[in-house]
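The values are calculated or read from the model by the stated rules, or taken from the named source; none is laboratory data. Bear in mind that the values here come from a model prediction, so they are computed numbers and not experimental data. Every residue, glycine as well, gets a Cβ built from its backbone with ideal geometry; the counts of neighbours run over all protein chains shown. In case anyone asks, the SASA skips ligands and DNA or RNA and just uses the protein heavy atoms, side chains included. Shrake-Rupley method; radii C 1.70, N 1.55, O 1.52, S 1.80 Å.
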Amino acid sequence: MAKTLFQVEILTPEGKVFDDEVEMVSTRTSVGSIGVLANHTPLLAMLDACELRLHKGDGEILRFAQGEGYMQIGDNKAMILIEDAIPAADLDADDLEARIAERKSELEAMDADTEGARSAERDITRLEAFLSVAASN
Amino acid sequence: MASQRDVKQRVESVRNIQKITSAMEMVAAARLRRAETRIASLRPYAGAIRRMTRQAAAAAGSVPNFPILEERAEVKTVGILLVTGDRGLAGAFNSQIIRAGIRAEAEHAEAGRQVRWYASGRRGVSSLTFRGKELAGSFAGFTDRPAYGDARTIAERLMADYIDGHVDEVQVFYNGYVSALTQVVRAETLLPLQRASVLEEVPEAEEETETGAGHALTEYEPDPDVILHRLIPDYVEISIFRSLLESTASEHGARMTAMRNASENASDVIEDLTLEMNRARQAEITQEIMEVVAGSEALV
């Protein structure tokens, strides 16, 4: 039996990336991995940088590199707000590695425990998450 | 009087300039349309972030204290971010921002406050450096098409400097986009973030539709106040992104207008020079006839 579909909307600051029905959304909140099916209970979650998978049914899966963001579920509709949503195929591993190296060297030059250092660490975590999405291409 | 050939050359060179300026005008017009679309596509995201913040704040009971919401009792150093373009040839676009920034610096100096400079766009960076100002942060190379990541880089830098105490207030100067013909210099206080801008600004009718069903039943992952901790800085990122986008649209608008004026100017110059060229040609012909007539008279 085909699974029930539900509406998913993905918004980034640069526009709408996706607005269609899917079977399942799989992503990661700051608490842990989560898979959302239709008729999920209302939820407000904070998302980490990771791989975002949209299962469209018939084995078709859309993969994105997901930046930090939020997911709001209500009325059997999921709204995903993320800072980046890059289709996995568009990622460039070499470029990501170069940017990680650049931020790491900046981080070394900074004093530990400043907000600047924390923001560099966040950048590195995000870029590394993107890199692992790129690696599984 | 300039010879016929000299004038002809000048007409040619003005005509070439006109070709370039009208091409630049068309390029700017196309980019302006794209920039306008991008401003429009930020709106739903910003609206959704605001709704979530209100929901999380309602669930958390109150907005906890964040460093970027706290006002400093005494403002000693003001951070000024100038949002300019990477390129010139856009009329007063860049210079009016720089002038506004310098004027603000003078006012702060009078009140005994120091200024720490930040600039986005090569024009702002180079003219501040030229004036001998030390830049605490320079961001360039993206003003044709700013990405959200660029706004995040700037926002994180400013917030870090605010939290770490390098600045006690942050102001942003940018060209607000009104229309292709009109851009106004806007000065906004970015940090400390106003509590009111986060919570009280209830937007139009959309508010009614989105809330409704079972707030109390909503699950939070993690706790609402932890979520708020990340939502609040997003406001700063979004408002910087909006200023970058508006500045880009303004830049293209200003360039379009400047280039149209330049093309029209070139037409006038070509007209004048053509007249001069015809006069020069007529003078040469008259001269030759006179010489022929004088020559034939001499033979008789």
Note to self: Which lysines, if any, have their Cα less than 29 Å from the Cα of residue A:3, not counting same-chain residues under 8 positions apart?
What the structure shows: A:16, A:56, A:77
Notebook entry, point to check: Which percent of the accessible area of chain A is formed by carbon and sulfur heavy atoms (probe 1.4 angstrom)?
Noted result: 47
Item checked: Derived scalar couplings ³J(HN,Hα) [the range B:92-107; Karplus, 6.51 cos²θ - 1.76 cosθ + 1.60; whole Hz; x for Gly, Pro] -> 8, 3, 6, 5, 5, 5, 5, 4, 4, x, 5, 4, 4, 4, 4, 5
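Which residues make up the longest stretch of chain B that has no GluC sites (Glu not before Pro) in a DSSP loop with at most 11 other Cβ atoms within 10 Å? Can you show the working numbers first?
Details: sites that count: B:74, B:134, B:200, B:201, B:204.
Counting only loop sites that pass the neighbour cut-off, the longest clear stretch is B:205-300.
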Margin query: Loop by DSSP (not H, G, I, E, B), at most 15 other beta-carbon atoms within 10 Å: where is the longest site-free stretch of chain B for trypsin sites (Lys or Arg not before Pro)?
Written below: B:132-300
Check: When the dipole is taken about the Cα centre of the range A:10-137, and only Lys, Arg (+1) and Asp, Glu (-1) are charged at their Cβ, what size is it in debye, to the nearest 20?
Finding: 440
Next item on the list: For the protein assembly as shown, give the share of DSSP beta bridges that are antiparallel, in percent and rounded to the nearest 5; count only bridges with both residues there.
Entry: 65
Next item on the list: With +1 on each Lys and Arg Cβ and -1 on each Asp and Glu Cβ, and nothing else charged, work out how big the dipole of chain B is about its Cα centre, in Debye to the nearest 20.
Entry: 760
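Leaving out ligands and nucleic acids, note down the accessible area per residue over chain A with a 1.4 angstrom probe, in whole Å². Mind showing how you got there, number by number?
Values: 6460 Å² over 137 residues.
Accessible area per residue: 47 Å².
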Item checked: Interface size A-B, as summed buried accessible area [1.4 Å probe, Å², nearest 100] -> 2900
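Any idea what the relative contact order of chain B is, in percent, if you count C-alpha pairs under 8 Å spaced at least 6 apart? All intermediate terms of the calculation are to be shown ahead of the outcome.
Working: 413 pairs, mean separation 97.5, N = 300.
Once normalised by length, the contact order is 32 percent.
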Margin query: Using a Förster radius of 60 Å, what is the FRET efficiency between residue B:70 and residue B:10 based on their Cβ-Cβ separation? Nearest 0.05, please.
Written below: 0.40
Check: How large is the convex hull of the Cα atoms of chain B per residue, expressed in Å³ as a whole number?
Finding: 158
Next item on the list: Give the cross-link partners of residue B:19 among the lysines, using a straight C-alpha distance below 27 Å as the criterion and excluding same-chain residues fewer than 8 apart.
Entry: B:8
Next item on the list: Compute, for residue A:68, the solvent-accessible surface of its heavy atoms (probe 1.4 Å) with the complete set of protein chains present, and express it in square angstrom to the nearest 10.
Entry: 30
Next item on the list: Please determine, in degrees from 0 to 90 and to the nearest 10, the orientation of helix A:93-109 with respect to the longest principal axis defined by the Cα atoms of chain A, where the helix direction is its Cα long axis.
Entry: 50
Check: Which of the residues in the range A:116-135 lose at least 10 Å² of accessible area when you go from the chain alone to all protein chains together (probe 1.4 Å)?
Finding: A:116, A:119, A:122, A:123, A:126
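Nearest 5 percent is fine: what portion of the DSSP beta bridges confined to the range A:6-88 is antiparallel?
Values: 36 of 41 bridges.
Rounded to the nearest five, the antiparallel share is 90 percent.
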Check: Going by alpha carbons, how many degrees (0 to 90, nearest 10) lie between the helix axis of B:4-60 and the longest principal axis of chain B?
Finding: 10
Next item on the list: For residue B:185, list long-range residues whose amide hydrogen, built 1.01 Å from N in the peptide plane, is under 5 Å from its own amide hydrogen.
Entry: B:176
Checklist line | Amide proton proximity set for residue B:85, modelled H, under 5 Å, gap of 5+ | finding: B:123, B:124
Checklist line | For chain B, calculated [θ]222 nm from helices alone, where every DSSP H run of n ≥ 4 adds -39500 (n - 2.57) | finding: -22000 deg cm²/dmol
Next item on the list: Treating the angle as unsigned and between 0 and 90°, give the value, to the nearest 10°, between the Cα long axis of helix A:115-135 and the longest Cα principal axis of chain A.
Entry: 60
Notebook entry, point to check: Rounded, prolate or oblate: which one fits the protein assembly as shown, using the alpha carbon gyration tensor with axes a ≥ b ≥ c (rounded when a/c is under 1.5, else prolate when a/b beats b/c, else oblate)?
Noted result: prolate
Check: Residue by residue, what Karplus-based ³J(HN,Hα) values in Hz, rounded to whole numbers, does the range B:155-168 have, using 6.51, -1.76 and 1.60 with θ = phi - 60° and x for Gly and Pro?
Finding: 4, 5, 5, 5, 5, 4, 5, 5, 5, 6, x, 6, 10, 10
